[in-house]
1. Two-decimal Rg/Rh of the chain from alpha-carbon positions, Kirkwood Rh?
2. With the contact rule set at Cα under 8 Å and sequence spacing of 6 or more, what percent relative contact order holds for the chain?
3. How large a share of the accessible area of the chain, in percent, is made up of carbon and sulfur atoms when the probe is 1.4 Å and the other protein chains stay in place?
4. Would you rank 70, 1 by solvent-accessible area, highest first, keeping every protein chain in place and using a 1.4 Å probe?
5. Starting from 0.36 nm per residue, how many nanometres of slack lie between residue 145 and residue 14 once their C-alpha separation is accounted for?
6. What 222 nm value per residue comes from the helices of the chain, counting each DSSP H run with n ≥ 4 as -39,500 (n - 2.57) and dividing by all residues, nearest 500 deg cm²/dmol?
7. For helix 42-154, what angle does its Cα long axis make with the longest principal axis of the chain, in degrees from 0 to 90 and rounded to 10?
8. Given an 8 Å cut-off on Cα distances and at least 6 residues of separation, report the relative contact order of region 1-75 as a percent.
Amino acid sequence: MLRAIALFVVVVLIGLFALVNWTAFTTPTTLSLLFTDVQAPLGLIMLGLAVFLTLLFTLWAISMQASTLMEARRLNRELQAQRELADTAEASRFVELRSYVGAELQRSIAEAHRGHEELLSRLTHLEGAMRLALEHNANSVAASLGEFEDRLERGDRPPPEILSRGDGIPPLRR
């Protein structure tokens, strides 16, 4: 923007200079073109060349700016495409991670369920073994009590192994 203003000021100053010195610009002079000589106003020719070069430079600057803008737009589209590609890749990684975590969670739940079932099976087995042992103990105690009752009713003395135990239980009297 600052350059455009400076260029405009220079063009206005050149135009003002040409206007003030118009008679000098329009005075014909002999000019050599290498092969021939011509009569023409040198000032107007130089002014025309300056205008031509200014227009040529302006067109070049506009074309340069247009090509830069087109390149910037192309790069922006490319960058946007790369962003979308990266977003898609990131989204697919999130989906993959979610499915992996879900699968691991399902595996963990299944393993916990199997462990729970195994624990219940073992507890059931232990409960059955414990009932069987209690039943055997109850049968043994009942058989021993029955045997002692029979001996008491018959008046028999306890077996010598019970008497020799020395556990502090007095022997039975008759």
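1. Details: Rg = 59.0 Å, Rh = 29.7 Å.
Ratio of gyration radius to Kirkwood radius: 1.99.
2. Values: 43 pairs, mean separation 12.8, N = 174.
Relative contact order, the chain: 7 percent.
3. Details: 10290 of 15370 Å².
Using a 1.4 Å probe with all protein chains present, the chain comes out at 67 percent carbon and sulfur.
4. On the way: 70 130, 1 180 Å².
Highest to lowest solvent-accessible surface, that is 1, 70.
5. Working: separation 131, 0.36 × 131 = 47.16 nm, distance 13.90 nm.
Using 0.36 nm per residue and subtracting the Cα-Cα distance, I get 33.3 nm.
6. On the way: 4 runs with 141 residues, N = 174.
The per-residue figure over the chain is -29500 deg cm²/dmol.
7. Its long axis makes an angle of about 0 degrees.
8. On the way: 33 pairs, mean separation 12.9, N = 75.
The normalised contact order for region 1-75 reaches 17 percent.
The values are calculated or read from the model by the stated rules, or taken from the named source; none is laboratory data. Computed from a predicted structure; not experimentally measured. Don't worry about glycine lacking a Cβ; one is built from the backbone with ideal geometry, like all the others, and counts go over all protein chains shown. Ligands, DNA and RNA are excluded from the accessible area calculation, which covers all protein heavy atoms including side chains. Shrake-Rupley method; radii C 1.70, N 1.55, O 1.52, S 1.80 Å.
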